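The values are calculated or read from the model by the stated rules, or taken from the named source; none is laboratory data. Everything numeric in this text was worked out from a predicted model, so none of it was measured. Cβ coordinates were reconstructed from backbone atoms using ideal geometry, including for glycine residues, and neighbour counts include every protein chain displayed.
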Amino acid sequence: MKKLRMGIVGAGGIAQDRHIPAYKQLSDAVTVEAVCDVNLEAAKAAAEKFEIKKVYSDYQDLFREVDAVTICTPNKFHAEISIAALHAGVHVLCEKPMAMNTKECEAMIQAADQAGKVLSIGYHYRFMKDSQAAKNVIMQNEIGEPIVARAQALRRRKVPGWGVFTNKELQGGGSLIDYGCHFLDLSLWLLGNPTPVEVIGKAYNQLSKMPDQVNQWGSFDHDTFDVDDHVTSYITFENGASMLFETSWSANIKEDVESVSISGQTGGIDLFPFQLNQAKYGMLVNSQADWIPGEDNPGLYQVRNFIDCCLGRDELIVKPEEALQVSKIIDAIYKSNETGQSIKLT
């Protein structure tokens, strides 16, 4: 059976903790041929750790050795490297967010269309058990037409103090573009990817500008902190649905909150954990899932879907056009915060 030859661009934590181990588990379908990083020593260290034969500091050299790449660089370079790979005839799985802005996302989609290659984005929350269960329930019309989504991605004092997460030039933003984007994507997917028409949003960073920070995820300089650490938004869609959205790296709350709730005409779903809520037989019924034992590894399921799509055996679960909608909303939230006005998208 043909194996996909994979290259890794960016040898940091997300590559070593999620993507490379997942590909190693799927060695019957993929081989990791090479790793590339502008820091050649980092590439060499990753290659030694995972027994990868080739290392590069120039991604153009890597493209000649592989059928597909997984891009794990800072956000600033997502579009540049993805487009170069697609022009070289190489399939692309790019880490989230898709790019720094909508214009870059559109250029990536155009390059994929021209090349006839697979382009997918690393929104792995779709591949979680709860998410898959919720999608199946909605597709079976168990809650009727989805009407309202409520999404919260809130961490209690967990600003990522390592890497470039708080570097606005390299990342484009903070909690919204790094963490909240997963919950925007998941909610849109569960709603059936409706077209957003209006967005109002507020972005804050006062929490992380305070001196004497208490932070569970490393240290950072509160004086130079210039990205968002807390964001709220209200989004409406062309089909009449709406979404209440909130995300934070450093909320002053009792404990972390990761929650998505969809209310439909005849029922609703909550996750995490998954629960189906219905009014049936003259009573209110709430049903939870009793999972069959087995691995819940969304990172593994994500790369398996990408591999199978590259080999022509499956359809993408995360399509680039859907990831583009997430970036449009992110852009609109930031613009709404800057202007103090709601942003119309149509």
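For the reader, a short list of remarks on this structure follows.
- Just one of the listed residues (Gln206, Gln140, Gln114, Gln152) is out of contact with any helix residue (DSSP H, G or I) (no Cβ under 6 Å at 6 or more places or on another chain) and not assigned by TED's automatic domain parsing to the domain that holds Gly240, namely Gln114.
- When each of Ile317, Ile292 is tested for being among the hydrophobic types (A, V, I, L, M, F, W, C) and at pLDDT 95 or above, the lone residue that passes is Ile317.
- Boolean, Pro211 is surrounded by 19 or more Cβ atoms within 10 Å (Cβ to Cβ), part of a loop (DSSP other than H, G, I, E, B) and not hydrophobic (A, V, I, L, M, F, W, C): no
- Residues of the range 292-346 that are assigned to a helix (DSSP H, G or I) and within 13 Å of Tyr234 (Cα to Cα): Ile329, Ile330, Ala332, Ile333, Tyr334, Ser336, Asn337.
- Here the condition is being at pLDDT below 95 and under 26 Å from Pro320 (Cα atoms); of Thr236, Thr166, it holds for Thr166 alone.
- Any chance Ser263 is on the phi < 0 side of the Ramachandran plot, touching a residue at least 40 places away in the same chain (Cβ under 8 Å) and surrounded by fewer than 20 Cβ atoms within 10 Å (Cβ to Cβ): yes
- Looking across the range 1-13, just one residue is modelled with pLDDT of 95 or more and surrounded by fewer than 18 Cβ atoms within 10 Å (Cβ to Cβ), and that is Arg5.
- Odd one out for Ala203 among (1) under 26 Å from Pro146 (Cβ atoms); (2) assigned to a strand (DSSP E or B): (1)
- Candidates Glu80, Glu51: the one that is surrounded by fewer than 18 Cβ atoms within 10 Å (Cβ to Cβ), under 24 Å from Asp178 (Cα atoms) and acidic (Asp, Glu) is Glu80.
- The one condition from (1) crowded, with 22+ Cβ neighbours inside 10 Å; (2) among the aliphatic types (A, V, I, L, M); (3) out of contact with any strand residue (DSSP E or B) (no Cβ under 9 Å at 6 or more places or on another chain) that Ile329 does not meet is (3).
- Scanning the range 136-183 for residues that are closer than 19 Å to Ala279 by Cα and either within 19 Å of the chain's Cα centre (by Cα) or assigned to a loop (DSSP other than H, G, I, E, B) (or both) yields Gln140, Asn141, Glu142, Ile143, Gly144, Glu145, Ala149.
- Pairs with Cβ under 7 Å, 6+ apart, first in the range 110-129 and more than 20 Å from Arg304 (Cα to Cα), second part of a helix (DSSP H, G or I) and β-branched (Val, Ile, Thr): Ala111/Ile83
- Residues that are of a type in the set (Ser, Thr, Tyr) and without any contact (Cβ under 8 Å) to a residue 40 or more places away in the chain within the range 48-68 comprise Tyr56, Ser57, listed in sequence order.
- Qualifying residue in the range 268-285 (condition: within 15 Å of Ala151 (Cβ to Cβ), assigned to a helix (DSSP H, G or I) and out of contact with any Lys or Arg (no Cβ under 6 Å at 6 or more places or on another chain)): no
- Val38 buried (at least 24 other Cβ atoms within 10 Å of the Cβ) and touching a residue at least 12 places away in the same chain (Cβ under 8 Å): no
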